[in-house]
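Presented below is the structure to which this report refers.
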Amino acid sequence: MRASLLPRLFLIPVLLAALAGCDTTAGFGSGSASQFPRDVAPPEPVVTEPSAATRAARDYYARVEANYFAQDLLRADGGGSDTPFTARDLAENFIRIAFYDEFAERDGQLIQQSVENRLHRWQEPIRLDVEFGSSIPADQRARDRAEIAAYVMRLSSLTGLPMRMSGWRPNHSVLILNSDERKTAAARIAALAPATGAAAIRSVTDMAPETYCTVFSFTPGRTATYTRAITVIRGELPERMRLACIHEELAQSLGLVADYPRARPSIFNDNEEFALLTRQDEMMLKMLYDPRLRPGMTLNEARPIVEVMAAELAGGES
């Protein structure tokens, strides 16, 4: 995954019953229209003035994005003739991204390590809600919500997994927060997912400048089936960087958990070349939710199936 984005954690367990009926607007000053009856309009969001830290961060990330653009990075074209890949490339990239974890929590710290794991994915429909920090401008909220809604539909179409925007008992919460809001987000994260570890929470409240966003996916017990996810995105990011976070974090929450530097064209590496889901990424999402695979499969069990699927999807690529 891109160097600037904190890799995924897989934390256990989470009690969804504790989330039933929770107020998805608490503490952040935004509501979801799906929480209200059709004949009752949701209240207008309260927008507060951004802090000096938030304004400084906006300026800083605007310069970062400009630097990426100057290097022809953060591409939005999905890859072309300059980014060929073969069925063998697709199979290997999928294996490295879906069957290896990147980070683990040890002694209260997030430690980078590449460790083979079983296949993880969702089995139940995803209900995704978006919460905004109170200092996120109203026009940015509207754009982000529209982008996320469109992308959720795209992911659902690619995977066959039912996914929709909903404020009713959401099982994936996307938090878009500015500097001060992230620093005070510990209680909200703990309320959404009580099993979140201390190191994971600190990775949000003390988010390093080079980290743009992160996602935590949760499985109950030692199963390989996700039942909860939380994505946190810096609200100060400019448009393309924020959209890159939306694309990568939501896709990785589905089970493409790691980054692999040789994956190209792909958003699942550290080089920032692509901001948006590529044609190879779409193939990997289709493979991940192909019924020939199942949650909990080992790499040895899945490898021959993965090679067949890759040949079917990318046999004509060169």
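The values are calculated or read from the model by the stated rules, or taken from the named source; none is laboratory data. Predicted model, so just to flag it, every value in this text is computed and none were measured. Virtual Cβ from ideal backbone geometry, glycine too; neighbours counted across all protein chains shown.
Results, tabulated for the structure shown:
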item: Options 41, 17: the member that is outside any loop (DSSP other than H, G, I, E, B), at pLDDT below 95 and more than 22 Å from residue 250 (Cα to Cα); result: 17
item: Residues within segment 200-228 that are of a type in the set (A, V, I, L, M) and either touching a Pro at 6+ places or on another chain (Cβ under 8 Å) or under 17 Å from residue 102 (Cα atoms) (or both), tallied; result: 3
item: Tally of residues being over 20 Å from residue 223 (Cα atoms), surrounded by 14 or more Cβ atoms within 10 Å (Cβ to Cβ) and not charged (D, E, K, R) across segment 288-307; result: 2
item: Where residue 200 falls short, out of the listed (1) touching a strand residue (DSSP E or B) at 6+ places or on another chain (Cβ under 9 Å); (2) small (Gly, Ala, Ser); (3) surrounded by 24 or more Cβ atoms within 10 Å (Cβ to Cβ); result: (3)
item: Residues within segment 284-318 that are in a helix (DSSP H, G or I) and either among the charged types (D, E, K, R) or in contact with a Ser or Thr (Cβ under 6 Å, 6 or more places away or on another chain) (or both), tallied; result: 6
item: Selection from segment 98-155 of residues that are modelled with pLDDT of 85 or more, assigned to a loop (DSSP other than H, G, I, E, B) and within 22 Å of residue 184 (Cβ to Cβ); result: 133, 134, 135, 136, 137
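Conditions tested, residue by residue: (1) of a type in the set (D, E, K, R); (2) modelled with pLDDT of 95 or more; (3) within 18 Å of residue 83 (Cβ to Cβ).
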| residue | (1), (2), (3) |
| --- | --- |
| 227 | no, yes, no |
| 239 | yes, yes, no |
| 255 | no, yes, no |
| 267 | no, yes, yes |
| 288 | no, yes, no |
| 293 | no, yes, no |
| 299 | no, yes, no |
